[in-house]
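As structure tokens, the structure follows; a few thoughts come after it.
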Amino acid sequence: MPPSPPAPPSPRSRGLGVPVSEMIDMVSAIEELSGLTSRELSEMLKESESFVLQCKAEDGGPKQVDMEKLVSSLPRHLLAVCLELGSGSELTYVLRGMRFLHSLSELATRHTRLEQVLDDVKLSVQVVDLIFFVLSILSNSKKENHLGASPFIHSSLVAASLHLLTSYFPSQYNELVSILLAHPEVDIFMDLAFDSLHEDMRLLSRRLSTFGTDAFPVGPLESQLTHFICQQCETSLQLLLLLCQQKLFRDRILENKDLCRNGRILSLSLTILKLGVPECLKGSAHIASSISRLKAKVLSIVVQLCEAEGISYLDEVATLPKSMQLGQTFALKVLDLLKTAFGRKEKSVAGSHDKSYPMGSVLISALRLVDVFSDDSNFRSSFINNTIPFLTQILASPHDEFVSSWCSVNMLVTEDDANLEYDPFGAAELALLAASNMLTEAKANYLCPLRIINTAIPYAQRRTSCVVKIIANLHVFVPNICEEQERDLFLHKFQNYLLSESPRPSLDNPASDEASAVCRNLGSLSHYAKSLIPNKLLNEDDVHLLSEFACKLQTWCKSVAGLRTLQVANSDTSSQIKEDLQRVQQPLQTRANDVQTMEESVPTPYMNHEGNARDETPRNRASINCGLLQNSVGQNLIHLGVARTTSTGYTGVSTATSTELQHGRSVDHFKTPEHIKGSGLQDDDERQRRRKKRTIMNDGQINEIENALVGEPEMHRNATLLQAWAEKLSGQAKQQKS
């Protein structure tokens with residue numbers, strides 16, 4: 001749990017004591033006038049004389065309200081009420097007063113006299129004090145159970161308080177930031193704003209969790225009220241995001257130790273990322289899109305902080321072990337979000353994309369954060385293992401699907417980002433009705449208009465550039481900064497993951513289909529990434545690092561494919577191999593003593609073929625080479641004399657040479673022999689039943705073949721080259737024998 005927020009700022013002594021008679025007049029005036037729309041108030045002001053409104057008293061008689069006196073006393077009056085709060089009903093009254101202030105601010109541009117009253121400096125200071133003090137109450141409401149604030153009142157008051165800053169003060173955010181930064185208690189305001197919003201999110205989370213049980217029936221009205229709370233939370237978060245986009249405000253947040261070093265912004269972010277749509281509300285597109293936009297906006301706030309110049313946000317997070325752990329948890333949550341979104345088993349985003357329900361740029365913001373975390377020295381090393389499954393999930397897609405999605409500008413699916421157009425009057429009205437249990441389904445249909453945000457850079461290019469940067473960040477090695485053991489660490493871990501995920505090899509699938517798809521898609525991505533350099537989405541270093549990684553992985557993939565082909569062919573005694581051998585062999589023309597002569601030529605070396613697919617590097621030394629043996633396996637084995645040993649598991653290449661092939665050895669002489677129990681030569685029938693052990697090549701011959709396969713991975717297709725190697729190996733064997 002985050003630490004307790006600081007004590008609320010004490011309202012300055014400006015004569016908050018108000019006579020009882022005036023309080024009664026204020027209460028009745030607010031109760032009556034706050035329920036009027038801006039249009040209705042405007043008509044009354046036009047008809048008034050000397051800025052005095054004609055209203056009805058409680059007894060039905062006429063009553064006059066001096067608007068200048070009412071307006072100039074309103075912030076001070078609401079502050080006095082806040083100081084004496086003792087029940088939830090008084091919070092509803094404060095909400096009415098805040099709504100009235102919103103209406104007056106909106107009317108000020110059309111009524112000169114009202115504008116003059118509101119422009120008073122003393123009144124402006126009181127409005128700021130009121131906003132700060134209301135937020136201090138709301139941020140502490142979880143500890144003040146006696147207040148009994150409903151989630152409707154609470155979320156509406158937070159939104160109304162924050163947005164009063166934009167309606168009462170200049171609409172330009174840079175001017176608003178200057179006003180806030182000039183306030184001596186601006187740091188407390190920042191704490192209270194994020195904490196009160198966090199409490200909103202907790203209330204929303206508890207409500208959604210309740211819907212996940214059978215104990216709480218969910219009808220249309222409950223669904224509408226849940227969406228209402230989502231909208232109030234979103235409009236509050238939206239304002240904080242707009243403030244964070246201003247450099248001066250963002251820099252001041254980075255200096256706030258409670259928000260950054262103690263992880264309170266990350267704590268809020270995690271609460272939002274954990275929000276989920278319960279099964280009973282899956283059909284509500286409004287709720288799903290609103291929750292998605294909440295996640296997009298809070299991720300965008302963290303992006304703004306991470307990408308700020310000057311103070312490093314992640315350095316601040318990494319200062320304390322507790323906040324560092326929170327940062328790692330947050331990073332994993334972001335990756336989980338991306339893995340779910342890009343999961344191949346998930347429904348296609350294209351099928352559910354609807355501009356009527358914009359989901360916000362949640363994926364772009366999440367990708368940008370992964371880019372940031374993968375490039376940060378505090379998190380990079382612990383981030384590698386968790387990033388690889390997500391990257392593999394993207395890169396292992398079918399090639400055509402990958403190219404159309406990640407190597408094209410013309411992708412159909414995009415994320416529509418949008419901002420709510422906040423309606424303080426309608427929001428307060430619905431919250432007051434809901435809190436008093438007077439709300440009907442017809443009146444609960446509250447929807448804030450949405451304004452789509454267009455970006456100049458195509459969505460597809462922004463998304464692809466993030467993936468390229470992530471790979472580049474994880475693969476980069478800077479000699480003066482990185483430890484030597486970090487060189488190619490990401491590459492090795494990526495290889496290890498592909499090995500661990502590979503299916504059992506077979507002749508039909510000697511290498512992992514997933515690894516092959518990853519390598520092919522990386523090649524296409526490397527080629528496409530060059531086109532993103534001119535528009536500044538990528539630089540040449542990013543593209544170079546991606547190309548280098550793709551090349552190294554491709555070389556390794558070919559090596560593994562060649563090794564697995566060899567292993568599969570040596571361990572398979574199927575009829576397919578027998579047919580391959582029969583197609584290239586001549587009729588039997590030699591005798592058993594020829595075999596005995598060749599078997600005695602070279603001693604059998606030991607090769608350990610134990611290996612764990614999850615090790616950092618394969619134990620079999622042949623796996624580091626690039627020989628890719630494929631197709632015509634039987635033919636290749638005969639020309640190179642590849643054979644298996646006994647059940648001890650040793651594998652190698654026989655010294656059987658072209659001499660044997662020319663003499664037309666039978667198929668059985670190339671099959672796997674079994675242990676010969678006892679000594680002496682077996683007769684022909686016994687030899688057919690129990691095949692003799694064949695001798696494998698020595699280390700020098702093995703190295704020669706491996707090196708040759710690196711340069712000629714298609715050797716099995718070159719009959720002349722195979723013949724030359726067979727004669728060379730045969731000559732070496734004879735020399736060793738002599």
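Annotations
- When VAL478 is tested against (1) buried (at least 21 other Cβ atoms within 10 Å of the Cβ); (2) among the β-branched types (Val, Ile, Thr); (3) at pLDDT below 95, only condition (1) is not met.
- Hey, SER167 touching a His at 6+ places or on another chain (Cβ under 7 Å), in a helix (DSSP H, G or I) and within 19 Å of VAL125 (Cα to Cα) or not: yes
- Number of the condition not met by THR455 [criteria: (1) touching a residue at least 60 places away in the same chain (Cβ under 8 Å); (2) in contact with a Lys or Arg (Cβ under 9 Å, 6 or more places away or on another chain); (3) surrounded by fewer than 19 Cβ atoms within 10 Å (Cβ to Cβ)]: (1)
- The one condition in (1) modelled with pLDDT under 95; (2) under 19 Å from SER289 (Cα atoms) that ASP258 fails to fulfil: (2)
- Scanning the range 418-436 for any residue that is in a loop (DSSP other than H, G, I, E, B), out of contact with any helix residue (DSSP H, G or I) (no Cβ under 6 Å at 6 or more places or on another chain), within 19 Å of PHE152 (Cα to Cα) and not small (Gly, Ala, Ser) turns up at least one such residue.
- Candidates ALA472, ALA456, ALA442 - the one that is modelled with pLDDT of 85 or more and either over 21 Å from the mean Cα position of the chain (by Cα) or in a helix (DSSP H, G or I) (or both): ALA472
- The single residue among LYS282, LYS345, LYS339 that is at pLDDT below 95, more than 28 Å from THR226 (Cα to Cα) and not hydroxyl-bearing (Ser, Thr, Tyr) turns out to be LYS345.
- Remark: LYS274 matches the filter, which requires a residue to be in contact (Cβ under 8 Å) with a residue 60 or more places away in the chain, surrounded by fewer than 23 Cβ atoms within 10 Å (Cβ to Cβ), within 23 Å of the chain's Cα centre (by Cα) and more than 17 Å from LEU138 (Cβ to Cβ).
- Annotation for the range 563-583: no member residue is over 14 Å from ILE471 (Cβ atoms), at pLDDT 90 or above and surrounded by fewer than 19 Cβ atoms within 10 Å (Cβ to Cβ).
- For the range 232-347, the helices (runs of 4 or more DSSP H) that sit wholly inside it and include 1 or more residues that are touching a Cys at 6+ places or on another chain (Cβ under 8 Å), more than 18 Å from MET359 (Cβ to Cβ) and hydrophobic (A, V, I, L, M, F, W, C) are 247-254, 285-306, 313-317.
- Single match in LEU70, LEU85, LEU53, LEU79 (criterion: modelled with pLDDT under 95, touching a helix residue (DSSP H, G or I) at 6+ places or on another chain (Cβ under 6 Å) and under 20 Å from ILE153 (Cβ atoms)): LEU79
- Some residue of the range 420-440 being touching a strand residue (DSSP E or B) at 6+ places or on another chain (Cβ under 8 Å) and over 21 Å from LEU299 (Cα atoms): no
- Residue in the range 396-404 that is assigned to a loop (DSSP other than H, G, I, E, B), of a type in the set (A, V, I, L, M, F, W, C) and at pLDDT 90 or above present: yes
- Inside the range 154-179, residues that are over 33 Å from the mean Cα position of the chain (by Cα) and either crowded, with 24+ Cβ neighbours inside 10 Å or more than 27 Å from LEU430 (Cβ to Cβ) (or both) make up a count of 4.
The values are calculated or read from the model by the stated rules, or taken from the named source; none is laboratory data. Source: prediction; values computed, not measured. So basically every Cβ, Gly included, is an ideal-geometry build from the backbone, and we count neighbours across all protein chains shown.
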